[in-house]
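Okay, so here's the structure we're looking at.
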Amino acid sequence: MSDKKIKYEVRRSMQCGAESFERGDTRELTEAEALPLLKSGALCLPGEEPAERELAVQHTFGAAPQESPADYTVASPDNAVQLPKRQQGAKKAN
């Protein structure tokens, strides 16, 4: 990669140290400086669509359960441990 500066369009507001990047601004950066920002979708070349960044966390709430190994127990109300009922203590005398 070269040290030649290229103009990029800011697609997501951010701050890097004392420098602020506002959406819609254009910034001149080297390819090496811009690479992580291009991959994250924060910058793009003028007239192009920004890259789709990968999800940091893949949520599975509401997804169908997956098969578990035979020796692994899945938490479920159907196989929950039943605790014994608590005994009533003796009443206090006044």
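Among (1) surrounded by 13 or more Cβ atoms within 10 Å (Cβ to Cβ); (2) assigned to a loop (DSSP other than H, G, I, E, B), which single condition is LEU55 missing?
Only one criterion in (1) surrounded by 13 or more Cβ atoms within 10 Å (Cβ to Cβ); (2) assigned to a loop (DSSP other than H, G, I, E, B) is unmet by LEU55, namely (1).
For every residue, the table says whether it meets (1) outside any strand (DSSP E or B); (2) touching a strand residue (DSSP E or B) at 6+ places or on another chain (Cβ under 8 Å); (3) among the hydroxyl-bearing types (Ser, Thr, Tyr).
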{"site": "GLN15", "(1), (2), (3)": "no, yes, no"}
{"site": "LEU29", "(1), (2), (3)": "no, yes, no"}
{"site": "PRO50", "(1), (2), (3)": "yes, yes, no"}
{"site": "HIS59", "(1), (2), (3)": "yes, no, no"}
{"site": "LYS92", "(1), (2), (3)": "yes, no, no"}
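Among the residues of region 62-81, are any in contact with a helix residue (DSSP H, G or I) (Cβ under 6 Å, 6 or more places away or on another chain) and open to solvent by less than 50 Å² (accessible area, probe 1.4 Å)?
no
Filter region 26-52 down to the residues that are within 12 Å of VAL10 (Cβ to Cβ) and of a type in the set (D, E, K, R), then identify the one that is surrounded by the most Cβ atoms within 10 Å (Cβ to Cβ).
Among those residues, the one meeting the criterion is ARG27.
Note down all Cβ pairs under 7 Å where the first residue falls in region 11-37 and is on the phi > 0 side of the Ramachandran plot, the second is small (Gly, Ala, Ser) and open to solvent by 60 Å² or more (accessible area, probe 1.4 Å), and they're at least six residues apart or on different chains.
From residues that are on the phi > 0 side of the Ramachandran plot, there are no pairs.
Take TYR8 and decide whether it is of a type in the set (Ser, Thr, Tyr) and open to solvent by 100 Å² or more (accessible area, probe 1.4 Å).
Numbers: of a type in the set (Ser, Thr, Tyr): yes; open to solvent by 100 Å² or more (accessible area, probe 1.4 Å): no.
Judged against the criteria, TYR8 is not a match.
What pairs come up if the first residue lies in region 43-67 and is free of Cβ contacts under 8 Å to residues at least 60 places away in the same chain, the second is in a loop (DSSP other than H, G, I, E, B) and among the charged types (D, E, K, R), and their beta carbons are under 9 Å apart, counting only those six or more places apart or on different chains?
Final answer for the pair search is LEU43/ARG11; LEU43/ARG12; CYS44/ARG11; GLU49/ARG11; PRO50/ARG11; PRO50/ARG12.
The values are calculated or read from the model by the stated rules, or taken from the named source; none is laboratory data. These numbers come from a predicted model, not from an experiment. Note that we place each Cβ from the backbone using ideal geometry, even for glycine, and neighbour counts take in every protein chain shown. Keep in mind that these areas ignore ligands, DNA and RNA; they rest on the heavy atoms of the full protein, side chains included. Shrake-Rupley method; radii C 1.70, N 1.55, O 1.52, S 1.80 Å.
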